[in-house]
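The values are calculated or read from the model by the stated rules, or taken from the named source; none is laboratory data. The structure presented is a predicted model; accordingly, all values stated were derived computationally and were not measured. A quick note on method: Cβ atoms are made from the backbone with ideal geometry, for glycine too, and the neighbour counts reach across all protein chains shown.
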């Protein structure tokens, strides 16, 4: 992967992280917030394994 592709990938990861954080902050119920947190943690775990 070249430098430009790495930079784009980092920007996409940051954008996704901000979107997930916004979704967690604006979740309608504590249960929904908990589900979003679990999904975000599972995604982070899958990315580490790749």
Pairs, please: C-beta under 6 Å, at least 6 apart or cross-chain, first residue closer than 18 Å to residue 36 by Cβ and in the range 6-20, second part of a helix (DSSP H, G or I)?
-> 20/40
Do the conditions hold for residue 31, that is, is it part of a helix (DSSP H, G or I) and at pLDDT 95 or above?
-> yes
